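Here the structure is laid out as structure tokens; the discussion comes afterwards.
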Amino acid sequence: MITRKRMSMRSNVFSTASSTSNNIPLRNAQKHLFSTSRPSLAYTDTVSNLKIGQHTRVIFQGYTGRQATQNAKQSIEYGTKVVGGVTPGKTGEHLELPLLPSVRAAKDQLRPDATAIYVAAQQAAAAIEEAIEAEIPLIVAVAEHIPLHDMLRVQSMLRSQSKSRLVGANSPGMISAVGKCRLGFHPLPTFTPGSIGIVAKSGTLSYETVASTTRAGLGQSLVIGMGGDPLPGTDFVDALKVFEHDVDTKGIILVGEIGGKAEEDAAEWIKEYRKRTERPKPIMALIAGVQAPSGRVMGHAGAFVGAGEMTAAGKVRVLEDAGVVTTNHPSKFGEGMKRLLGSEAHWIPSSPSSLDKTQQRNMHTLRRPAIQSTGNPAFVRRRNIHIPESRSFEMLEDLGVPISKSEDPESRDYFLTLAVDRINYTPCIVTSFSIGGESPQLHAKSYPMALDKVEDESTLSLIASDLKCKEESFDSLSLLLSSLIDIFFGKEATSLSTRISRNQQGELAVARAEFSFDDAAIRSGKRNVDLQGMRDTSNEVPEEVEAEKDGIVYIKLKGDGVIGTLANGAGLAMNTVDAIADLGGKCANFLDTGGKATSETVKSSFRIILKDSRVKTIFVNIFGGLTLCDMIADGIMLAYKDLGIKVPVVVRLRGTNEEIGQKMITESGLSLHAFDDFDEAAKKVIQLARQDLISSQRALTQLLPPFQGLVPPTPLPLRRAAAQIALEHRSQTPELDLGTLQGVPGVQARAKKIHGQREE
């Protein structure tokens, strides 16, 4: 039940993020006992805690759980100095090491330098908070789908202390290949001690990068998984600061993606670094998501281009302007970095264009302008629960907010939005307006909002000024803002966007509303489950809804793409679509199996991909880390046989037991093509797609004459469309003759719809 707290000019329920008051705690938040140590330092001063190695004493939270137990065994065998672990309510021994009931007890008795948290997403925030309270220097959280508002609370704690550093969440963790210390679930066979520091948002892309540097004989010094959440505990700049002073690190690789400003901040830091350093370490980078459609969440919770944020192409440009050498696929990092390290020129501030073009992103992918995202300040982002406008109106009306039944007669459209500020790690209030249909972002202003609700007359006055509210509008503005805040915190919203209007008396009303809520709070936290029933899936792509039920992230791409794609990781899936486009191919979809590549997951993925009639061939790009490549190959072959797939499938397997998996695919006798090299695999799938296109065009030519009199007089494009539809039916039922094909129900109507022609 949402309770409205009426707001006025003298009694507000919001504050700027700099406020330190905690008079009113976040809904359902626990009161935490913080350290009594003097806050003379800031969270930024904990960066040095990232330098792990042989000296690092490690504990596990969730120690006796299956995943933690398995991971701890592997890490101990690798050489990690695991000193024990924590499971609430339990004491004794586990894996012949101390088992303690609390992190505080572990801190006192085991003196850990770091903790690896292996608990379920709904328990992860509390586990992180317990570690912060115990002042554990380094906290690594691997869980995905931690509720967003839980992480807002964690960030508030983190940035008010100077003892603990967080890596994650939704991170593979970090590993010192030189110091044999692992905190996470990295596939150990791909790592080798060496000289390259790697920081990445994507787990699978970081593994690809590691494999590439291993193959090139460079190895790795320290690998940090930033993670794909919108509110990470450690970002690129933090990692760069460590790599700068790490004597083991000779070269640096940064793997980014769409979403947030971390890559832009890194570019600014690198510019300053190259100015102040006589011989800077060479830096390479990759940005995934160049082909990502606007407004979509690409697998990772933080992988979307938010309001006012750069596209992937824009991030590539700013990094290159800073002197970074970019590439379009992680397999190219090894040889590219070897070339840079072997040249004395890498320390000279020079244009990346002077380097070997084969190591850079193909320029045609950079033709998309580096513009800010446009449209409403808060647009629909799937993987959130987006409710219909009518339900949003109902929420507001229940709190007494008037809804406008007519269009705003004003020349400007005014917007008031509550969202998450990924720069300040806080909720924020965004005001904006639009004139003549222009982007509201041109006039957007953001006000960070603390989790605590305290008086702040000045902020309300600024908001009123932005929205051109006169004195008679203050009460209605206070009502609207306080209601939005109640919904935002009470229902764990990710974005509440409203377009406001006003009546002749100057009172505000809501004319349009787009409300989105955190899916993780419902699925992981089992909170606000009533929102799930408000979702209207009738306006969503059926295949995307079906995939979601199987834990698969599938996004149908617009256009004439004919290549279906399947990858086991969000970053890898984005990069697969990007790299195929670089080579001239067109993909029909993005598909992330969610890190899993079992036979059932692959089968479900194939089934969903093939529901798209555009798909003429499928490209499977999988890095076998935790799941071995031979097991993955077996799953692919089983799925291929069970579904009776007719289109050719190209499989690129990398990782543990890759040679065995590739051999199994090659010798299967099925229409499967196995590859190790990405470019070779991608070129093959593009070739197969073009061959199918040529065959289809020939078949269409044969079908055109019988359709001459289909809808006299019928233009050639319409006859082609009708023949294409008929051809699809023939591929499903080969025994149909041409006469029967002409009578396929709906052929004329569908063909006309394709070409935008309406039947009279």
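Values quoted throughout were computed directly from the atomic coordinates according to the rules given, and no laboratory measurement underlies them. All values derive from a computational prediction rather than experimental measurement. Note: ideal-geometry Cβ built from the backbone for every residue, glycine included; neighbour counts use all protein chains shown.
Just a few scattered comments:
- Sparsely packed loop sites in region 262-325 (the GluC sites (Glu not before Pro) outside DSSP H, G, I, E and B with at most 10 other Cβ atoms within 10 Å) comprise E278.
- Cα shape, region 587-658, gyration tensor, a/c 1.5 rule: prolate
- Global geometry of region 156-308, whether rounded, prolate or oblate, following the gyration tensor of its Cα atoms and the 1.5 cut on a/c: rounded
- Its relative contact order, with pairs defined as Cα atoms under 8 Å and 6+ residues apart, puts region 432-507 at 24 percent.
- Rg and Dmax [Cα atoms of region 163-244; Å; Rg one decimal, Dmax integer]: 11.8, 38
- Aspartates and glutamates whose Cα lies under 15 Å from that of K684, excluding same-chain neighbours fewer than 8 positions away: D582, D676, D692
- Kirkwood Rh and Cα Rg combined as Rg/Rh, region 216-264: 0.98
- Loop-located trypsin sites (Lys or Arg not before Pro) in region 436-487, at most 13 other Cβ atoms within 10 Å (DSSP): K468, K470
- Trypsin sites (Lys or Arg not before Pro) lying in DSSP loop within region 613-662, provided at most 12 other Cβ fall within 10 Å: K646
- Value of Rg to Rh for region 543-599, rounded to two decimals, is 0.97; Kirkwood radius and Rg both from alpha-carbon coordinates.
- Each distinct pair of alpha carbons in region 36-174 adds a 1/r term; the inverse of their mean, the Kirkwood radius, is 14.9 Å.
- Straight-distance crosslink candidates among lysines, where the alpha carbon sits under 25 Å from K271 and sequence neighbours closer than 8 are dropped: K51, K201, K241, K250, K261, K281, K315, K332, K338, K357
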